[in-house]
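Here is the structure we will look at.
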Amino acid sequence: MEWLWLVPSLPLAGFLILILTQGRMPNPLVAMIGAGSIGFAALVALAAGLDFYTTSPPDGAYAQVLWTWIDVGGFTPSITLYLDGLSLVMMGVITGVGFLIHLYATGYMAREEGFSRFFAYMNLFVFAMLMLVLGDNLLVLYLGWEGVGLCSYLLIGFFHTEPENGYAARKAFVVTRVGDTAMALGLFLLFRELGTLEIQAILDNAATLDPTICTIAALLLLGGAVGKSAQVPLQTWLPDAMAGPTPVSALSHAATMVTAGVYLIARMHDLFLLSPEAQFAVALVGVVTLFISSFTALTQTDIKRILAYSTMSQIGYMFMALGVGAWSAAIFHLMTHAFFKALLFLASGSVILALHHEQNIFKMGGLWRRLPIPFWSMVIGSAALAALPLTSGFYSKDVILLTSWDYATGGTWFWVFASIAAFMTALYSTRMIIITFFGEMKIEPHDESGVNMWGPLVVLAVLAVGGGWLGLAPLAGVLPDGGVGGGTEHSGVLVYITAAVPIAGVLIGYLIFGGRQLRVDSLVESEVGDRVRRFWLGGWGFDWLYDRVVVRPFMVVARINKRDVVDSFFEGVAAASRGLHQLATRSQTGQLRWYVANMVAGVLIMLLIALEVL
């Protein structure tokens, strides 16, 4: 474990080499550095994990102090890497899945300009996420937190010649800053009350906090998690983030960025356990997000936006799991989701590349024979996304649903809404597969992907099926069990209904979009049906609301300022200063007797004042 420092250092070294050479290296060498640095980091992470298990460090954690960051007024945060079961799982997902995505990107981005710049940003992205999950204090965590925000901005707007891409990048940056501000306030509050930002010290002393302060701090941290993980009400940036290259979407949704909020709440779980109100808020945010996004995904036509809304929904399941007390189940689902979501994005990228960057599913069709590996990858990934039995998603999502039933505050309703969303997930996944790969072929595909592109798909497909068997032994003693260990028993009826929901969604999806035995055209084409469809398509009106409540008023103020109404005040001050200057210059006549008279008058005035004072 003494080599743990190499895990974040290797991606950072890759970034520095690529950014300092400024694209002068040939693409094969760039690919070796960009993907190789993550691959070596994954190997070191694997070795550290094996060493962690064999040595069994005291207290179940290992800390590696690198150096003292600052020393001001007794505040001495250090750059320390902290490895326990939770950070070990996160480190494995980030480096393992991250390497597969980087390897895939060496083929996907081969013909794009800025090849070296792309991998520099990707390496920096992985470095920042590793610092986020390995930091032993909230200041180092916040360093990584802001780092992934910067990298997401750079990568979403990677194709910067298109104005809409720049808009999407700015939107992601601004919206997530709202949550980041809340999180910063939470850190200030914790430091004021406890005098430290060391995570373990905060958790050990959290019980000494006033309950109100504890709730406020937890809610502020939740605000940061909501922004970074694209949960209601700060979820609007994520669909537009699909403007970035597909490997970026895969990395952000599967291994970095959007999972950061889940990790933050899980890491600070003792603080949330002391505040039932904050924990309920976490569950409520999750169930609202997963419900809304599952309906929105059903109406999308862009294959990447479908997957984006599915990410919002699955992260919502993780938030709900954290809120209802299924702590380990939430991280279990984070791990399995990383496998099948990376698989789905990379497989969709292969389809998009083969169809000359076409992303509209209604312009696809008839591809299952021509693109067999992407087809089966999408089928397997969609099955895991829908949580069909024997897939990895089934093992993690079912635990969340069953545990939610036992939640003391409206657990039945949480189960109902989450089950409806699970049905919708199976429905839109079936729709995506049928429309994309079956029916009439509309564009002739040209699949030129090599082993560097289809190899990661095969590995991720295996993990998407068998990843659920890995279990979460590393989390033993780190997080409350939350049902993963089989501690919660339910009636057979509830278990069977929960397992049957996604199967029903697939069958009905086939009847609607494949077999055409159920006709819904008349409903959709009706005025009410069309309004509902457009409402769902627009993400339940959140962008419309924010446009009118925030964006337009801000633009009005900007236009007023543009007309110099605001600037006129400052210009008036400058004009008054110039006028006084002109008056003062009139006293400078150049006549000696005038100056003498002024001096005498001044002396007389001063004498009069002095006599009056005396």
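The values are calculated or read from the model by the stated rules, or taken from the named source; none is laboratory data. If you're wondering where the values come from, they're calculated on a predicted model, not measured in any experiment. When we count neighbours, we look across all protein chains shown, and the Cβ atoms used for this are built from the backbone with ideal geometry, even at glycine.
Some points to look at:
- Verdict on Arg552 being part of a helix (DSSP H, G or I), charged (D, E, K, R) and at pLDDT below 85: no
- Breaking point among (1) in the same structural domain as Phe513 (by TED's automatic domain parsing); (2) more than 16 Å from Ala260 (Cα to Cα), for Phe332: (2)
- The single residue among Ser419, Ser396 that is in contact with a His (Cβ under 7 Å, 6 or more places away or on another chain) and either at pLDDT 95 or above or closer than 15 Å to Gly325 by Cα (or both) turns out to be Ser396.
- Conditions (1) in contact (Cβ under 8 Å) with a residue 12 or more places away in the chain; (2) more than 19 Å from Ala217 (Cα to Cα); (3) not charged (D, E, K, R); number of the one not met by His357: (1)
- Scope the range 398-418; condition among the hydroxyl-bearing types (Ser, Thr, Tyr) and either buried (at least 19 other Cβ atoms within 10 Å of the Cβ) or free of Cβ contacts under 8 Å to residues at least 60 places away in the same chain (or both); matching residues: Thr403, Ser404, Tyr407, Thr412
- Subset of the range 205-226 [in contact with a helix residue (DSSP H, G or I) (Cβ under 9 Å, 6 or more places away or on another chain), free of Cβ contacts under 8 Å to residues at least 40 places away in the same chain and not hydrophobic (A, V, I, L, M, F, W, C)]: Asn205, Thr208, Asp210
- Given (1) crowded, with 24+ Cβ neighbours inside 10 Å; (2) farther than 30 Å from Leu284 by Cα, index of the condition Lys341 fails: (2)
- The C-beta contact set for the range 459-487 (first residue at positive phi, second residue surrounded by 14 or more Cβ atoms within 10 Å (Cβ to Cβ) and modelled with pLDDT under 65, distance under 9 angstrom, 6+ apart or interchain) comprises Gly471/Val484; Gly482/Thr488.
- Check on Gly492, closer than 30 Å to Ser404 by Cα and modelled with pLDDT of 85 or more: no
- For the range 298-319, the count of residues that are closer than 20 Å to Tyr108 by Cα, charged (D, E, K, R) and in contact with a strand residue (DSSP E or B) (Cβ under 9 Å, 6 or more places away or on another chain) is nonzero.
- Scanning the range 33-75 for residues that are in a helix (DSSP H, G or I), at pLDDT 90 or above and among the β-branched types (Val, Ile, Thr) yields Ile33, Ile38, Val44.
- Residues that are among the acidic types (Asp, Glu), in contact (Cβ under 8 Å) with a residue 60 or more places away in the chain and either in a helix (DSSP H, G or I) or closer than 20 Å to Leu18 by Cα (or both) within the range 116-175 comprise just one, Glu164.
- The range 176-204 - residue that is outside any helix (DSSP H, G or I) and out of contact with any helix residue (DSSP H, G or I) (no Cβ under 7 Å at 6 or more places or on another chain) and, of those, farthest from Ile265 (Cα to Cα): Gly195
- Which numbered condition Leu81 misses (of (1) in contact (Cβ under 8 Å) with a residue 24 or more places away in the chain; (2) over 18 Å from Ala254 (Cβ atoms); (3) part of a helix (DSSP H, G or I)): (3)
- For Glu198, the stated conditions hold: it is in contact with a strand residue (DSSP E or B) (Cβ under 7 Å, 6 or more places away or on another chain), among the charged types (D, E, K, R) and not assigned by TED's automatic domain parsing to the domain that holds Tyr309.
- Selection count where residues are under 22 Å from Tyr167 (Cβ atoms) and either aliphatic (A, V, I, L, M) or part of a helix (DSSP H, G or I) (or both), scope the range 535-549: 9
- Residue match in the range 386-397 (condition: surrounded by 18 or more Cβ atoms within 10 Å (Cβ to Cβ) and more than 25 Å from the chain's Cα centre (by Cα)): yes
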